[in-house]
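The values are calculated or read from the model by the stated rules, or taken from the named source; none is laboratory data. Source: prediction; values computed, not measured. Using ideal geometry, Cβ is built from the backbone for each residue, glycine included, and neighbour counts are taken over all protein chains shown.
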Amino acid sequence: MITVEEAQAILRAAAVRPHTETVRLERALGRVLAKDAVSKIFMPPFDKSAMDGYALAAGDASARYRVGETIPAGSVPARALHKGECAKIMTGGMLPRGAGVVVRKEWTIEKDGWMRIDRPDESPNVCLKGEDVRPGDIVLKKGTRIRPQEIGILASLGLGAVAAYAPPAVAVIATGSEIVEPGRPLGKGCIYDSNSYSLASQAVKAGAAVKIRRRAADRPALIRKSIAGALERCDIVLISGGVSAGDLDFVPGILRELGVALHFEQIAIQPGKPTVFGTRRGKIVFGVPGNPVSTFVIFEVFIKPVLARMMGLEEEPFTVRAAMEKDLLRRKTERAAFVPVRLRDGAVIQLDYHGSAHINALGRADGLLYIPKGHAGYGAGSRVDVRLV
Ligand code: AMP
Ligand code: MG
């Protein structure tokens, strides 16, 4: 049985082929830039006022100023300023020639066409052309995940479309004769299928496109047909259930029959030990055990980084350092563990957690706490890294 770190190394070595496409800005949220975003313009594009006020020459300490033209945002000033003159200017308005500072309106008095400064304004209140960005500047690097703030940056530079990686096409197949579509009546001995929903949502949250989400009863012919179809249509196939040691755990055998090379079939991890990873002609397959917490954890720890690479990202898991509220100690240490925990005010709080079938524990979890193989856990007060989920 390989360790978590060995499994991660095998996954990192697996070849992935991200595709690139041009995406309009309104559809670019969550995508990853496939090329550096380079500005063609100055930002700001002209010297502008940061305040509603009066523009005047820098260093002009006249007792009062004759008020000339009014400059709203979006218009071009008609005249240059001279000593003893000012222009009424709005936030975002273009500074007239000769102007160096803006005195905010609230600190001035205007009467009969003259302005007096009531209270000196220390700040120049101007944004200079190109002070943020200049033509040729790389504003966002290739590999950047586009969040709302990046959308704003790209739009501000007039970039209406970007080169982005295509979202990997994902298939999710939940196996099990006992699993039932939520919303339908629950027969005796059955449970609702939560895995196909949670896995698909995890994939979408990671930026992938879920093309197939389906269930297959524990019948080899059905499972084989579902997986074969998914391998044709998708880049990555996620299968839940059917990978353990039971008589009806057909998935690894079916994958082999379909020509999928299996690179590991067990990881020394809890939950999620019988996790299977395979490849076939550039396609990627994961088989994850059906208990919902196993499925969730295996996605977070092993599948998400592969999806990230498939879309051009080299993202490290986001962790937060916090102190254990109480002891979290274990006797058996032959497997690494990921334990759902809550984070509050810098403390790691343990949840009522009954094991890998207890998906309700995840509803209160903010993150997963990693306990390496051979490690007994953490005493109260010790500082640990929690992987946010
Ligand atoms: P398996 O990995 O197929 O042996 O399933 C392990 C446990 O997870 C069993 O109790 C299953 O009923 C449960 N399980 C399997 N698939 C799902 C699913 N899609 N949603 C919720 N629980 C499941
Ligand atoms: Mg099963």
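Quick notes on this one:
- Of the criteria (1) under 45 Å from the mean Cα position of the chain (by Cα); (2) at pLDDT 95 or above, which one residue 18 fails: (2)
- Filtered residues of segment 272-291 (kept if part of a loop (DSSP other than H, G, I, E, B) and within 16 Å of ligand 1 (Cβ to nearest atom)): 272, 273, 274, 275, 289, 290, 291
- Some residue of segment 103-113 being out of contact with any helix residue (DSSP H, G or I) (no Cβ under 9 Å at 6 or more places or on another chain), among the β-branched types (Val, Ile, Thr) and in contact (Cβ under 8 Å) with a residue 24 or more places away in the chain: yes
- Evaluated against (1) within 30 Å of the chain's Cα centre (by Cα); (2) touching a residue at least 40 places away in the same chain (Cβ under 8 Å); (3) over 24 Å from residue 13 (Cβ atoms), residue 238 falls short on exactly one condition, (3).
- Segment 240-251, residues that are surrounded by fewer than 18 Cβ atoms within 10 Å (Cβ to Cβ) and within 10 Å of ligand 1 (Cβ to nearest atom): 244, 245, 246, 248
- Selection from segment 240-260 of residues that are within 16 Å of ligand 2 (Cβ to nearest atom) and part of a loop (DSSP other than H, G, I, E, B): 241, 242, 243, 244, 245, 246, 247, 248, 249, 250
- For residue 244, the conditions (1) closer than 30 Å to residue 387 by Cα; (2) in contact with a helix residue (DSSP H, G or I) (Cβ under 8 Å, 6 or more places away or on another chain) all hold with the exception of (2).
- Sole exception among (1) in contact (Cβ under 8 Å) with a residue 60 or more places away in the chain; (2) surrounded by fewer than 17 Cβ atoms within 10 Å (Cβ to Cβ); (3) under 23 Å from residue 128 (Cα atoms) for residue 82, by number: (1)
- In summary, strands (runs of 3 or more DSSP E) completely within segment 142-231 and bearing 3 or more residues that are more than 15 Å from the chain's Cα centre (by Cα) and either within 16 Å of ligand 2 (Cβ to nearest atom) or among the small types (Gly, Ala, Ser) (or both) occur at 169-175, 209-216.
- Residue 41, sole failed condition from (1) in contact (Cβ under 8 Å) with a residue 40 or more places away in the chain; (2) touching a Cys at 6+ places or on another chain (Cβ under 8 Å): (2)
- Tally of residues being out of contact with any Pro (no Cβ under 8 Å at 6 or more places or on another chain) and either over 23 Å from residue 335 (Cβ atoms) or within 16 Å of ligand 2 (Cβ to nearest atom) (or both) across segment 261-284: 7
- First in segment 192-203 and within 13 Å of residue 182 (Cβ to Cβ) and at pLDDT below 95, second anywhere and more than 15 Å from ligand 2 (Cβ to nearest atom) and of a type in the set (Val, Ile, Thr), Cβ under 8 Å, 6 or more apart: none
- Options 67, 102, 16: the member that is closer than 30 Å to residue 280 by Cα, surrounded by 12 or more Cβ atoms within 10 Å (Cβ to Cβ) and aliphatic (A, V, I, L, M): 16
- Residue within segment 252-262 that is in contact (Cβ under 8 Å) with a residue 40 or more places away in the chain, buried (at least 22 other Cβ atoms within 10 Å of the Cβ) and either more than 30 Å from residue 45 (Cβ to Cβ) or among the β-branched types (Val, Ile, Thr) (or both) present: no
- Exactly one residue among 319, 295 is crowded, with 20+ Cβ neighbours inside 10 Å and of a type in the set (S, T, N, Q), and that residue is 295.
- Consider segment 314-333 and keep the residues that are among the charged types (D, E, K, R) and modelled with pLDDT under 95. The one that is farthest from residue 349 (Cα to Cα) is 314.
- Among the residues listed as 288, 237, the single one being more than 22 Å from residue 332 (Cα to Cα), buried (at least 18 other Cβ atoms within 10 Å of the Cβ) and within 16 Å of ligand 2 (Cβ to nearest atom): 288
- Hits in segment 178-196 (condition: out of contact with any strand residue (DSSP E or B) (no Cβ under 8 Å at 6 or more places or on another chain) and within 20 Å of residue 303 (Cβ to Cβ)): 194
- None of 239, 284 is modelled with pLDDT of 95 or more and more than 22 Å from residue 190 (Cβ to Cβ) except 284.
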